[in-house]
1. Given a 1.4 Å probe and no ligands, DNA or RNA in the count, how much accessible surface is buried by B and A, both sides, to the nearest 100 Å²?
2. Just add up the charged neighbours of A:ALA320: K/R +1, D/E -1, any other residue whose Cβ is under 14 Å from the Cβ of A:ALA320.
3. Give me the accessible area of A:HIS84, 1.4 Å probe, in Å² rounded to the nearest 10.
4. Can you compute the helix-only [θ] at 222 nm over chain A? Use -39500 (n - 2.57) per DSSP H run of at least 4 residues, normalise by all residues, nearest 500 deg cm²/dmol.
5. Can you give me the solvent accessible area of A:SER30 with a 1.4 Å probe, rounded to the nearest 10 Å²?
6. I want to verify the translational diffusion coefficient of region A:1-106 in µm²/s; compute it with Stokes-Einstein, Rh as the Kirkwood radius over Cα pairs, at 37 °C and 0.692 mPa s.
7. In region A:264-330, what trypsin sites (Lys or Arg not before Pro) fall in a loop by DSSP, with at most 12 other Cβ atoms inside 10 Å?
8. Could you rank A:LEU302, A:LEU73, A:LEU488 by how accessible they are, 1.4 Å probe, largest area first?
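The values are calculated or read from the model by the stated rules, or taken from the named source; none is laboratory data. Quick caveat: nothing in here was measured; it's all calculated off a predicted structure. Methodologically, a virtual Cβ is constructed for each residue, glycine included, from the backbone with ideal geometry; neighbour enumeration extends over all protein chains shown. Please note that ligands, DNA and RNA were not included when accessible areas were found on the heavy atoms of the full protein model with its side chains. Shrake-Rupley method; radii C 1.70, N 1.55, O 1.52, S 1.80 Å.
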Amino acid sequence: MYRYDEFDSRFVRERVREFRAQVERRLDGSLTEDEFKPLRLQNGLYLQLHAYMLRIAIPYGTLSSRQLRQLALIADRYDRGYGHFTTRQNLQFNWPKLKDVPDILDLLADVEMHAIQTSGNCIRNVTADHFAGVAADEVEDPRPTAELIRQWSSLHPEFSFLPRKFKIAVTGAEHDRAAIKAHDIGLRILRRPGTGEIGYEVIVGGGLGRTPMIGKVVREFLPRADLLSFLEAIMRVYNLEGRRDNKFKARVKILVHEIGAEEFRRRVEQEFAALDGPSVNADPEEVKRIAAYFAPPPYEELPERSVKLSIAKAAHRDFARFVETNVFAHRVPGYAAVTISLKPIGGVPGDATSEQMRIIAELAERYSFGEIRVTYMQNLVLPHVRNDELFALWEALDAAELATANASLVTDIISCPGLDYCSLATARSIPIAQSLSRRFADGARQREIGPLGIKISGCINACGHHHIGNIGILGLEKNGAEYYQLTLGGDATENAALGERLGPGLAAEEVPDAVEKIVNVYLQERSVGEEFIATYRRLGIAPFRQAFEKGVEGDQHAAH
Amino acid sequence: MPLIDATGFKQNGFARMTEGCSLPAGDVILPLEKLSTWREEVFSRGDRVGVHLPNTARVDEVWPLLDDVALVSIDFPSFADGRGFSLARGLRQRGFFGVLRAFGPLIADQMRHALGCGFDEVETPEAVIVRQPISQWRAALETITLRYQRGAGNGLSILDRRRAAREMGHRRFHSGLALARE
Amino acid sequence: MAAPKKPPLPVILMANDLIDGEVVFRTATGWSSEPREALIAGNAQAADALEAEGIAEMSRNKVVDAYLVDVVLGENGPQPRHFRERLRTLGPSIRPDLGKQAQSVIEPRGVPHVSL
Ligand code: HEM
Ligand code: SF4
């Protein structure tokens with residue numbers, strides 16, 4: 001894991017001191033609310049429906065046990081004993097008081113954390129593949145790149161008052177677990193064919209929100225050394241040319257769309273050529289310095305197969321099922337990555353209590369070199385667990401009610417906070433997730449259905465990624481009541497696709513039945529081993545729409 | 001409007017030529033569209049010429065006009081509109097060595113952004129200074145003393161400092177070797 | 001989030017306390033965290049006065065996001081007509097142990113519960 005050097009530490013403390021002064025100046029009237037708002041947002045502080053909300057960055061989703069314990073402490077001392085892990089590898093506290101926030105930030109700085117640029121019209125918390133350093137399909141660990149970008153983007157003097165927010169994601173793997181095509185900039189680390197040189201594919205102009213778009217490639221291969229100057233070129237073109245007349249058209253995706261990917265690319269290349277690259281880029285030594293922190297932990301040499309694991313699986317069916325769904329292959333023989341689902345049946349997706357945080361911190365120390373990952377699925381991962389110890393870990397998780405065996409299944413639902421917390425919401429989203437989770441609670445049925453991503457947003461801003469959910473649910477309002485619109489066929493992976501609208505909106509109570517009908521069509525129509533999304537691609541939306549509209553057919557299928 | 005630089009208030013040596021008014025005496029900041037009309041006259045008086053740019057100006061288009069221009073003032077219609085920051089950096093990158101002034105309702109907290117992008121000074125409305133006295137501008141600069149970005153503003157960035165530390169380390173290492181050999 | 005057009009009468013004035021963020025209601029004498037204590041404006045003149053007080057209180061750095069909310073009058077006092085504002089008088093519907101609903105005498109009802 002990255003560790004702060006003296007500069008990083010001082011930098012974060014300076015930012016805390018600055019924010020402390022900004023709060024004081026807000027209270028004494030030196031800053032108006034209009035002036036203070038962008039400043040507090042740039043430090044992750046929102047005003048929500050019931051209270052302030054503080055969003056803490058978990059850069060590229062990597063946490064240590066010590067950090068997680070500190071988050072638990074903050075939850076107890078300054079919040080209501082819980083936190084919400086988001087799709088953007090952040091943690092949100094829903095009840096902090098403005099006057100306490102500087103103290104919270106100091107507690108974060110104690111463990112090398114901060115809330116810098118987790119909101120506001122600036123470059124946001126950089127996200128990365130949560131299986132970084134673990135996945136076998138990885139060209140290179142994306143975290144050193146993400147850390148370099150985190151540093152470069154922090155309090156950037158030029159790019160702190162952009163037209164709109166700006167999100168960057170990095171992956172180093174073939175299989176895209178970071179949704180890079182749904183970000184303002186997506187970076188994919190790759191090897192140049194022929195030479196084997198490492199560099200980046202640069203994708204710009206993805207995003208969700210009210211005009212969802214899939215990013216376009218603006219550079220097929222960017223040499224590693226040019227990363228920061230190329231990013232500056234993109235940011236400068238966007239800062240100067242991005243629309244500022246309409247906040248809903250201000251994202252870079254709209255600029256790319258309006259002038260065309262070709263023209264955008266031309267302007268970026270022109271700016272890049274004019275930039276004095278060497279004066280902006282990081283030294284190769286600096287890149288190496290950062291990368292050294294992400295060296296693999298001291299793995300033991302272990303056999304590929306674990307007898308202990310096989311015996312435990314044979315003896316405990318629930319454990320065997322957990323292994324089937326929540327354990328991910330590790331590239332090092334004898335190890336595995338374990339998903340700790342924050343989606344218990346009927347629970348609030350992504351919420352963890354301080355007690356759970358402490359337990360997970362403890363288990364990470366015991367079983368995973370003290371390391372935890374936060375996934376965009378709003379779950380946690382212990383990335384390096386010995387196969388031999390999986391059973392012991394599972395028993396401990398089970399005792400703490402943290403062993404829900406549903407990773408990637410139909411109850412592993414992504415949901416934004418919706419109208420239960422969010423001031424922009426048009427409808428609630430968490431209760432929908434809860435009712436669907438209860439409807440599909442049966443484990444055997446979930447496994448029979450297989451991987452199926454349901455994603456729910458409480459308004460058009462799409463924080464719950466509904467556009468890229470296999471089944472997407474969007475909460476809206478009509479005539480003073482909440483209603484929900486379903487989309488099908490969205491996909492967050494390297495085959496990124498936006499869902500298609502199924503039909504007219506539904507009342508909250510009707511959503512579980514409708515989802516069940518869709519699932520039943522799939523079960524009826526799928527070929528052997530075919531996942532939901534593949535069946536959908538093969539058949540198109542028509543049969544699903546038919547079942548949705550008639551309802552009758554779906555019910556018949558449900559009967560057998 | 002008050003003029004502030006990294007050290008505090010500053011005397012404003014330039015007068016602005018405003019819409020519908022005649023050319024003021026002394027050093028003058030001309031609106032971009034008046035630059036070609038009046039620049040020779042100002043030069044011929046022996047006064048300095050400045051130009052005020054909207055934040056939509058393009059570096060490529062204005063660059064050829066900046067010969068002998070002593071000051072460029074860049075418009076900030078609101079403090080949240082950051083285009084002027086990029087424009088300033090673009091001009092500095094091209095090699096503009098004159099004075100760069102940010103003009104508009106910037107707040108004390110943005111002094112570091114302005115300096116980091118190559119501005120020398122900020123001209124902000126009196127109303128801002130009433131709420132945010134000069135002590136707050138100075139305090140803001142003293143609070144954030146570090147930055148990561150290379151090639152932005154004066155002084156060494158964190159990345160440059162790390163490089164310097166590395167080079168020191170090398171030198172110490174090598175001189176250590178030399179000592180050991182002796 | 002202040003709605004630009006005037007809400008139907010009667011109205012109350014809601015805001016968030018600047019320092020702690022809590023949802024507060026304008027009373028005859030100041031601000032209260034209890035919706036029952038909210039001052040109710042039943043005519044246009046009273047509503048305008050209430051709105052003006054909201055603006056003044058914002059510029060005094062006491063509250064943020066002050067705006068008028070239309071209500072129905074019930075036994076427990078004024079209740080916002082719109083479900084969004086109703087939620088703000090209660091707390092998160094999924095956590096009855098949190099927010100105003102947890103501490104006060106108000107019954108967490110009036111917001112349709114999603115039970116399936
Ligand atoms: C609770 C307060 C929140 C507010 C006020 C908020 C606000 C917004 C807004 C306005 C957008 C639309 C941006 C645009 O289209 O230009 C957006 C997008 C998004 N937000 Fe949030 N959000 C909140 C919480 C969250 C949470 C909890 C998550 C993660 C679970 C999240 C993740 C995202 C993502 C992934 C997007 C869409 C991707 C994109 O930016 O295109 N947000 N948010
Ligand atoms: S999607 Fe809408 S309701 Fe959900 S968190 Fe984002 S802004 Fe709030």
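1. Separately minus together, B and A give about 4000 Å² buried.
2. With Lys, Arg at +1 and Asp, Glu at -1, the net is +1.
3. 10 Å²
4. Theoretical 222 nm ellipticity from helices: -11500 deg cm²/dmol.
5. Ignoring ligands and nucleic acids, A:SER30 comes out at about 10 Å².
6. Translational diffusion coefficient: 224 µm²/s.
7. Here the trypsin sites (Lys or Arg not before Pro) that fit, given the DSSP loop and packing criteria, are A:ARG305.
8. Output order, biggest surface exposure first: A:LEU73, A:LEU302, A:LEU488.
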